[in-house]
Amino acid sequence: MISMPCEHRYVDIQVLRWFQAVAGGATVTETAELSHISQPALSRALAKIDREVGTPLMYRSGRLLRLTPAGQIFKTHVDQVLDRYEDGLRAVAQSVDPDSGKVPLSFLHTFGTWLVPTLLHGFRRTHPRIRFELKQHGEEGIMQELVDGVVDLALTSDDPGHPLVTWRHLLTEPLLLALPPHHRLAGRRMVRLREVAAEPFVVLQTGFGLRATTEKLCNAAGFEPIIAFEGEEVETLRGLVTAGLGVSLLPLQQTATYPPTVVPPPSPHLPVTDVECYRDVGLAWLTDRPLPPASAAFSEHVLKTAPGLLAS
């Protein structure tokens, strides 16, 4: 039976950071050196947490300390506390000087060549001292970082439908059927998706929005796509198509200009006529979490300028 202490000796934030580092896989030696304290001092600090909680949170395994079941539970709450603490520091700093904050932003890989650079370029003209922390993921990784509070804002394709997330539509991006240069349909001006039902498809890996969109559109055209290659980057898929290894549904490559300029693709990219091929692009944030001033300013910029980026 665990005996909980009657008198609390509150642990300070720095000790929680040391606990988080060691719990995350760093050795006591490494953590002590980085923090410029002695190993015995760090060990005493970790032992103080055990006394405060009332049960051991770690056990030794070789050179590392591993979390006990109680330690795993405790670390989840420590992570949340430290995230909130950092949010508070950032919010206070930005309230004192709102033009020198930081915007943590997550986005799809496919937006890294045109959408994100274009939005950042326009924003930095009026907010030159605001910094950005940029993270690229598939849809699942983006939503996880947003819900966990790692980022304030996320650029996604399609509404994630998450109960904790607000999503606003920004623009609709056409998807074209990319064909190898000498494909039997390459000379067409347009094509039916059904015409490539028996051909190998080059797609993104599961967890990426474009993968789910491709499967949905193929199903709408009456077939299941034959997956030949899976990748993590759209430009890799484009190269595989050009090499004759399959077909793919892809957006046109754009450059980071205002408005974005279409770069001629290395292989035919044809409009599809039997199903509506497009993906919706939007901005997401946590509904009940107020945005810090810098992130709020950037979200306003995105909501105002992004809808006109693909206007003809």
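Descriptive notes on the structure:
- Every test in (1) on the phi < 0 side of the Ramachandran plot; (2) touching a residue at least 40 places away in the same chain (Cβ under 8 Å) is passed by Ala93 save one, and that test is (2).
- Checked against (1) part of a strand (DSSP E or B); (2) basic (Lys, Arg); (3) touching a helix residue (DSSP H, G or I) at 6+ places or on another chain (Cβ under 8 Å), Arg129 passes all but condition (1).
- Among (1) touching a residue at least 12 places away in the same chain (Cβ under 8 Å); (2) loosely packed, with under 14 Cβ neighbours inside 10 Å, the one test that His269 misses: (2)
- Test for Ala198: is it outside any helix (DSSP H, G or I) and either farther than 18 Å from Thr273 by Cα or assigned by TED's automatic domain parsing to the domain that holds Val272 (or both): yes
- Any hit, region 32-52, residues being in a helix (DSSP H, G or I), touching a Phe, Trp or Tyr at 6+ places or on another chain (Cβ under 6 Å) and among the β-branched types (Val, Ile, Thr): yes
- Any chance Val234 is closer than 28 Å to Phe107 by Cβ, buried (at least 18 other Cβ atoms within 10 Å of the Cβ) and at pLDDT 90 or above: no
- Filter result for Ala311 (on the phi < 0 side of the Ramachandran plot, modelled with pLDDT under 95 and part of a helix (DSSP H, G or I)): no
- Among the criteria (1) modelled with pLDDT of 95 or more; (2) loosely packed, with under 15 Cβ neighbours inside 10 Å; (3) closer than 24 Å to Arg189 by Cβ, the one Leu249 does not fulfil is (2).
- Here Leu185, Leu120, Leu177, Leu105 are screened, and the one residue that is buried (at least 16 other Cβ atoms within 10 Å of the Cβ), of a type outside the set (Ser, Thr, Tyr) and assigned to a helix (DSSP H, G or I) is Leu120.
- Tabulated pairs, region 219-232, first outside the structural domain of Leu108 (by TED's automatic domain parsing) and free of Cβ contacts under 8 Å to residues at least 12 places away in the same chain, second surrounded by 14 or more Cβ atoms within 10 Å (Cβ to Cβ) and acidic (Asp, Glu), C-beta under 8 angstrom, 6+ apart or interchain: Glu224/Glu215
- Among the residues of region 286-308, those that are within 23 Å of Pro160 (Cβ to Cβ) and buried (at least 20 other Cβ atoms within 10 Å of the Cβ) comprise Pro292, Ser295, Phe298, Val302, Ala306.
- Condition met for Val191 (buried (at least 17 other Cβ atoms within 10 Å of the Cβ) and more than 25 Å from Glu139 (Cβ to Cβ)): yes
- Yes/no for Arg188 being more than 16 Å from Gly282 (Cβ to Cβ), at pLDDT below 95 and out of contact with any helix residue (DSSP H, G or I) (no Cβ under 6 Å at 6 or more places or on another chain): yes
- Selection status of Ser35, more than 25 Å from Val150 (Cβ to Cβ), surrounded by 13 or more Cβ atoms within 10 Å (Cβ to Cβ), out of contact with any helix residue (DSSP H, G or I) (no Cβ under 6 Å at 6 or more places or on another chain) and of a type in the set (S, T, N, Q): no
- Restricting region 132-157 to residues that are crowded, with 17+ Cβ neighbours inside 10 Å and part of a loop (DSSP other than H, G, I, E, B), the residue that is nearest to the chain's Cα centre (by Cα): Gly138
- Residue pairs whose Cβ atoms lie under 8 Å apart, sitting 6 or more positions apart in sequence or on different chains, and linking a residue in region 185-209 that is on the phi > 0 side of the Ramachandran plot to a partner that is assigned to a loop (DSSP other than H, G, I, E, B) and crowded, with 17+ Cβ neighbours inside 10 Å, are Gly207/Gly138.
The values are calculated or read from the model by the stated rules, or taken from the named source; none is laboratory data. Given the structure is predicted, the values throughout are model-derived calculations rather than measurements. Positions of Cβ are generated from backbone atoms using ideal geometry, with glycine treated the same way; all protein chains shown enter the neighbour counts.
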